[in-house]
Every structure is written in structure tokens, then in C-alpha cells.
Amino acid sequence: MPETPGDRTVELPDFYETVAADALGYAGVGTGVWLDVGSGAGGVGLAVAARCAGAVVLLDPNAEALSQAVAQARLRGLAGRVVALVGTAEKMPLCDGSFDVVVSRGSFYFWQYRAQGLREVYRVLRVGGKAMIGGGLGTRYPAWARREFIRRRREAASAGGFEAARRFAEDRSPETFRRLAREAGLPSFDVIGEGGLSADDPNAGVGIWLRFAKE
């Protein structure tokens, strides 16, 4: 598709598929039990379920969004492997060591207590399990669509004024991610990507991710 900068009538490709592909590549497993925290209507979680043979739990405080996710799971023939659960990142109604992989795309910035949410993610991971928390479009997202998506997102942030734009950038900075990981007491972690990159940078689609395994 040709580039159409600034044209909001252009429908952008689905980024859930490319994020799910990155999560599966990082996890290195195509089975097991997955948790999508702040799943909303199930974008990433359903994309993961469609690509692997594992079970996926969708966790979100919005019951209506979860109902939409369950309906989509039925339509896609995934209902037998997808479970929806109302809850928050900071206080998950889940047992210790329940999950092989935890993924969360886009909701991290809205957790009320992000360090506590990370502690909960670590708690529900099994030993050897992996987590990928943050936001981005996926490394295989088309370049033209990445530039347009980021342009629209930053335009929306700037419309809220200087302070809103500053908070938007700070929330997505590697320094913020590292600070929260340390506050959560994670024994080891990696921060992948640079959330503040220009939309023209080829690495911008990676977004910003906190990745860690339970030791």
C-alpha cells in the first residue's frame, strides 16, 4: 500500500498479530498457559491463541470488553482454549506460579500502581516462565503504517497540551520502565526498544517492552 501521510481515512493493519508474533518468538513456546493482562477485547490474547496450541486467560477490569473477547473467541473457534476473568493487574485473582507466559500490550501505562502490578506478574509466573510487558506495534508491522500510527498517536497526545505530551513520553521512556522494574524488586530484566524514537526510525515499531523471566 502506498504511503498516505496524514490521511486518517486510511485503515491501518492489525498490530495485534505482529505483537503476538513477537511474544511467541520471545517466549519460545507454542503451548502452555498464557495470561494477557489488561486484555481489553482480547486483541493480543486471541492472536496468541490462534497461533499456538496453549490456553490463554484474558484478564481485564472491563467485563463488557471481556464479553466481546469471548464472543470473538467463539467466532474464531478458540472458545475451548480462551478464558475471560475480571480483575486488575495490581490484585490478580490467580494462584502463584500459574502461567508459562504473561503478556500485556498497551495497558501498562494505565495501571494505577505499576510496580505492584509487576510484582503480581512475577508472582503468577511459574519458575522459568517469561513476561513481556509494555507497548508497541511489533517488529514486522509495515513501515508506512508504523509512521502513520505513531504520527496519529503523538498528534493526539500533543492536543492535550504540553503537560499531557510530556507525561505520554515519560510513561514510555526506558528510564521509567527500569525504575518501575527496580521498584517491583525484579531480580533481573531487560528493557527492549526506545519508546521516544522518531516515527521515521526503523526501530520505532518495536515500541518499549519490559521483559523478564522468573528465576
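Return a whole-number percent for the relative contact order of the chain, with Cα pairs under 8 Å and 6 or more residues apart as the contact set.
Averaging sequence separation for qualifying contacts and normalising by length gives 20 percent for the chain.
Relative contact order (percent) for the range 50-150, with alpha-carbon contacts under 8 angstrom and 6 or more residues of separation?
24
Here are a few candidate values for Cα extents along the principal axes in Å: (i) 64, 49, 27; (ii) 80, 44, 27; (iii) 45, 41, 31. Which one was actually calculated from the structure I just gave you?
Looking at Cα extents along the principal axes in Å for this model, the match is (iii).
Quick one: Debye curve from the C-alpha atoms of the range 121-179, no solvent, what's log10 I(q)/I(0) at q = 0.12, 0.20, 0.21, 0.24 Å⁻¹?
Log10 of I(q)/I(0), two decimals: -0.46, -0.92, -0.95, -1.04.
Once every DSSP H run of n ≥ 4 in the chain is given -39500 (n - 2.57) and the sum is divided by its residues, what mean residue ellipticity at 222 nm do you get, rounded to the nearest 500 deg cm²/dmol?
Using -39500 (n - 2.57) per qualifying helix, the result is -12000 deg cm²/dmol.
Would you kindly state how much longer the chain becomes between Gln68 and Glu155 on full extension, computed as 0.36 nm times their sequence separation minus their alpha carbon distance, in nm to one decimal?
So the extension gain works out to 28.4 nm.
Read the figures in this text as sums done on the coordinates, not as results from a lab. Fair warning: this is a prediction, and the values are worked out from it, not measured in the lab.
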